[in-house]
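Trainee: Have a look at this one before I ask anything.
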Amino acid sequence: MMRNTGSTRLRYWLTLASGMLECLCFCGVVFGYATLVFVLKEDGYFSQLCPSVPDGNSTLNSTGCSQQDAQFCLVFTIASFLNNFITLANGFILDRFGTMVSRLLGVCVYTTGTLLVAFSSAGMSKLLFPAMSCIAVGGILFLLTNMQVGNLFPAHRSTVITLYNGAFDSSSDVFLIIKVSCMKNGISLRSSFLVMSLCSIFHLLRTFLLLPRTHIPYPLPQDYTYGPSCGRENANSVEKLEERRDASVSTAKESGGKNSELSAPEDTTEVQEINKVVSFQSCVLSWFFLWHLLWLSIMQLRHYLFIGTLNSMLTRLANNDPDLVSQYTNVFAVTQLCGVLCAPWNGLIMDRHKGKPPKPGETERDADLRSSCLSLFLTGLQCIVFSVCAAVPVLQLQYLTFVLQVLNRSFLYGGNAAFISTAFPAYHFGKLYDLIMCISGVISLLQYPFFTLVKGPLAGDPFYVDIALLILTLLVFVQPIYVFIYCRRAANHRADEMSTKAAKDFQYASVKL
């Protein structure tokens with residue numbers, strides 16, 4: 001063991017705590033966009049699209065008009081799409097160049113986004129398109145590099161990953177703070193976003209002091225450390241591990257080994273053995289990946305459409321009462337803060353088998369997969385209930401809808417990351433996570449045609465779209481059913497192998513006698 005174990009553990013906990021703060025305050029702020037829209041409307045963004053009143057002035061109020069709502073929805077549609085789509089490149093950057101390069105890129109993109117908002121105005125409303133997209137892409141890069149911190153705590157790995165994703169959801173409350181600052185305290189939108197830009201110093205300090213230059217490996221070596229005080233010997237050992245990993249993957253690719261389903265060796269501490277078995281291509285072509293893509297895409301589309309149309313939906317249900325709309329958007333933003341409290345429940349569900357002896361012949365990966373079935377099923381069930389409540393045009397019921405939305409969203413993204421880290425090798429995590437987010441992001445573009453359909457042929461009534469999405473959501477149960485069947489078949493296969501081996505041993509012993 002290392003002589004500086006105490007300082008290493010302290011660095012682990014500082015990394016965990018500072019990563020939590022980063023996710024909670026910065027990573028997912030773009031998903032508080034519905035709250036920020038209220039401020040942007042007050043400041044006259046896209047107001048030139050609204051019809052003029054008899055005195056020649058534009059209708060500048062917090063309710064806006066349908067053309068203005070369409071532009072705000074389009075801003076969020078593009079930002080949420082790029083939040084997923086561009087991250088495909090982010091995953092390859094993380095896997096190829098490591099944590100430091102990825103985070104420096106994220107800091108540049110995120111700071112660019114906040115500065116664009118700071119120097120935008122009603123006359124330059126279109127700056128919101130690149131601004132929100134940069135904030136979304138930079139935020140997901142921070143989250144991606146932080147999720148590997150779960151590798152530092154093997155017994156609570158899924159819990160840490162889901163906790164960070166919950167903090168990602170709760171960070172949308174930052175826009176509520178900006179709204180209150182602007183509306184109640186008279187602080188300008190420019191000042192608020194300039195402060196966010198200055199916070200990039202914090203991101204840089206974490207990058208250089210509390211995170212490794214390359215990756216945090218999994219399983220974690222006993223003598224692993226990182227940071228400015230780590231020895232060159234340890235850095236060399238990590239580099240050699242990665243070189244052996246890359247060589248193993250290349251060998252697997254050259255041999256053309258493709259598995260119809262992923263399988264892990266008995267000894268999960270032997271990373272090299274895993275690499276020889278599982279290639280990136282076999283991961284992408286596995287049913288685990290394809291069904292999980294369907295599971296994520298459908299529920300993400302439902303959430304993106306809800307967030308992107310929330311302001312216009314509340315305006316319709318509140319009969320254009322700006323005070324009532326403001327009250328409900330504030331409640332929605334406050335409920336988002338609960339994401340950090342809800343997400344660990346999912347992690348505890350997935351980690352509930354940790355510390356217990358595995359079943360005879362069961363690998364650690366199989367135990368993790370078996371434990372994930374309940375999480376996948378509960379997430380789908382939550383989305384069904386949330387969709388039902390969102391489809392009922394009763395304003396007071398939206399309080400319950402907000403609660404169900406944040407609960408389901410925290411389970412969705414935390415469970416997504418935890419499942420990918422469980423079902424696939426750790427060194428493919430960045431590429432697979434971003435590939436699945438990229439494809440699901442393309443599917444999320446359907447939110448804008450749905451919004452156009454509601455505003456046009458359906459005359460503002462989203463009832464039929466909500467019903468169609470509710471029926472589509474039923475498909476998410478395919479994933480937990482498939483994982484359950486896979487785990488049961490694997491258990492039966494192991495039992496048969498053990499019975500056959502026992503019979504052969506008995507037969508051999510009888511012959512010897």
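Trainee: Restricting the first residue to the range 106-130 and requiring it to be outside any helix (DSSP H, G or I), which pairs with a second residue that is open to solvent by less than 60 Å² (accessible area, probe 1.4 Å) meet a Cβ separation below 6 Å and a spacing of at least six or different chains?
Mentor: Final answer for the pair search is Ser120/Leu127.
Trainee: Applying the selection to the range 196-228, what residues are assigned to a loop (DSSP other than H, G, I, E, B) and among the polar types (S, T, N, Q)? Can you show your working first?
Mentor: Going through the range 196-228, the residues assigned to a loop (DSSP other than H, G, I, E, B) turn out to be 199, 210-228.
Scanning the range 196-228 gives Thr214, Gln222, Thr225.
Trainee: Also: Of the residues Arg409, Arg489, Arg494, which single one is within 24 Å of Gln382 (Cα to Cα) and charged (D, E, K, R)? Spell out the reasoning first.
Mentor: Working: Arg489 fails: within 24 Å of Gln382 (Cα to Cα); Arg494 fails: within 24 Å of Gln382 (Cα to Cα).
After applying the criteria, what remains is Arg409.
Trainee: Hey, any hits in the range 183-195 for a residue that's assigned to a helix (DSSP H, G or I) and open to solvent by less than 10 Å² (accessible area, probe 1.4 Å)?
Mentor: Start the filter on the range 183-195 by keeping residues that are assigned to a helix (DSSP H, G or I), which leaves 183, 189-195.
Next, from what is left, pick out any that are open to solvent by less than 10 Å² (accessible area, probe 1.4 Å): 193.
Checked the range 183-195: at least one residue is assigned to a helix (DSSP H, G or I) and open to solvent by less than 10 Å² (accessible area, probe 1.4 Å).
Trainee: If a residue counts only when it is at pLDDT 90 or above and more than 20 Å from Ser371 (Cα to Cα), which helices (runs of 4 or more DSSP H) contained entirely in the range 285-348 have at least 3 such residues? If you could, list the steps in order and put the result at the bottom.
Mentor: Numbers: elements: 287-308, 310-317, 322-336.
Result: 287-308.
Trainee: Would you say Arg157 is crowded, with 17+ Cβ neighbours inside 10 Å and farther than 18 Å from Gly28 by Cα?
Mentor: Yes: the conditions hold for Arg157.
Trainee: Within the range 103-126, count every residue that is basic (Lys, Arg) and open to solvent by 10 Å² or more (accessible area, probe 1.4 Å).
Mentor: Going residue by residue through the range 103-126, those that are basic (Lys, Arg) are 103, 126.
Now restrict to residues that are open to solvent by 10 Å² or more (accessible area, probe 1.4 Å): 126.
Result for the range 103-126: 1.
Trainee: Name every residue in the range 127-147 that is open to solvent by less than 40 Å² (accessible area, probe 1.4 Å), among the aliphatic types (A, V, I, L, M) and farther than 30 Å from Ala426 by Cβ, in order of residue number.
Mentor: Residues of the range 127-147 open to solvent by less than 40 Å² (accessible area, probe 1.4 Å): 128-129, 131-147.
In the following step, the residues that additionally are among the aliphatic types (A, V, I, L, M) were identified as 128, 131-132, 135-137, 140-141, 143-144, 147.
Residues satisfying the conditions are Leu128, Ala131, Met132.
Trainee: Now a separate question. Determine whether the range 404-425 contains at least one residue that is free of Cβ contacts under 8 Å to residues at least 40 places away in the same chain and closer than 28 Å to Tyr164 by Cα. Write out each step before concluding.
Mentor: First, pick out the residues of the range 404-425 that are free of Cβ contacts under 8 Å to residues at least 40 places away in the same chain: 404.
Of the ones still in play, those that are also closer than 28 Å to Tyr164 by Cα are 404.
Yes, that holds for at least one residue.
Trainee: Hey, does the range 354-369 have a residue that's modelled with pLDDT of 90 or more and open to solvent by 70 Å² or more (accessible area, probe 1.4 Å)? Show your work before the answer.
Mentor: Step one: filter the range 354-369 for residues modelled with pLDDT of 90 or more, giving none.
Among the residues of the range 354-369, not one is modelled with pLDDT of 90 or more and open to solvent by 70 Å² or more (accessible area, probe 1.4 Å), which makes the answer no.
Trainee: I'd like to check something: does the range 437-448 contain any residue that is part of a helix (DSSP H, G or I), surrounded by fewer than 24 Cβ atoms within 10 Å (Cβ to Cβ) and more than 18 Å from the chain's Cα centre (by Cα)?
Mentor: For the range 437-448, residues part of a helix (DSSP H, G or I), surrounded by fewer than 24 Cβ atoms within 10 Å (Cβ to Cβ) and more than 18 Å from the chain's Cα centre (by Cα): present.
Trainee: Just to be sure I understand the filter: pairs with C-beta atoms under 6 Å, separated by 6 or more residues or on different chains, first member in the range 451-464 and at pLDDT 80 or above, second member in a loop (DSSP other than H, G, I, E, B). Which pairs pass?
Mentor: Phe451/Thr309; Val454/Pro462
Trainee: Could you check the range 390-430 and list, in sequence order, the residues that are part of a helix (DSSP H, G or I), open to solvent by 30 Å² or more (accessible area, probe 1.4 Å) and of a type outside the set (A, V, I, L, M, F, W, C)?
Mentor: Across the range 390-430, the qualifying residue is only Tyr399.
Trainee: How do the pairs read when you match residues in the range 370-394 that are more than 17 Å from Leu305 (Cβ to Cβ) with residues anywhere that are buried (at least 17 other Cβ atoms within 10 Å of the Cβ) and of a type in the set (S, T, N, Q), using Cβ under 7 Å and keeping only pairs 6 or more apart or on different chains?
Mentor: Ser372/Thr422; Ser375/Asn346; Leu376/Gln479; Thr379/Asn408
Trainee: With respect to Ser125, is the statement that it is of a type in the set (Gly, Ala, Ser), over 25 Å from Pro221 (Cα atoms) and at pLDDT below 85 true? Give the steps one after another, and end with the answer.
Mentor: Values: of a type in the set (Gly, Ala, Ser): yes; over 25 Å from Pro221 (Cα atoms): yes; at pLDDT below 85: no.
No; evaluated as a whole, the condition is false for this residue.
Trainee: Got a number for residues in the range 266-284 being outside any helix (DSSP H, G or I) and either open to solvent by 40 Å² or more (accessible area, probe 1.4 Å) or modelled with pLDDT of 90 or more (or both)?
Mentor: Step one: of the range 266-284, the residues outside any helix (DSSP H, G or I) are 266-270, 278-279.
Now restrict to residues that are either open to solvent by 40 Å² or more (accessible area, probe 1.4 Å) or modelled with pLDDT of 90 or more (or both): 266-267, 269-270.
Residues that pass the stated criteria total 4.
Trainee: While we're here: Given the criterion out of contact with any Leu (no Cβ under 9 Å at 6 or more places or on another chain), at pLDDT 85 or above and open to solvent by less than 20 Å² (accessible area, probe 1.4 Å), identify the matching residue among Gly44, Gly19, Gly98.
Mentor: On the way: Gly44 fails: out of contact with any Leu (no Cβ under 9 Å at 6 or more places or on another chain); Gly19 fails: out of contact with any Leu (no Cβ under 9 Å at 6 or more places or on another chain).
Among Gly44, Gly19, Gly98, only Gly98 is out of contact with any Leu (no Cβ under 9 Å at 6 or more places or on another chain), at pLDDT 85 or above and open to solvent by less than 20 Å² (accessible area, probe 1.4 Å).
Trainee: Within the range 1-45, can you find the residues that are in contact with a Gly (Cβ under 7 Å, 6 or more places away or on another chain) and of a type in the set (Val, Ile, Thr)?
Mentor: Result: Val29, Val30.
The values are calculated or read from the model by the stated rules, or taken from the named source; none is laboratory data. Owing to the predicted nature of the structure, the values given are computational and were not obtained by experimental measurement. With ideal geometry, Cβ positions are generated from the backbone for all residues, glycine too; neighbour counts draw on all protein chains shown. Accessible surface is based on the protein model in full, side chains and every heavy atom, while ligands, DNA and RNA are left aside. Shrake-Rupley method; radii C 1.70, N 1.55, O 1.52, S 1.80 Å.
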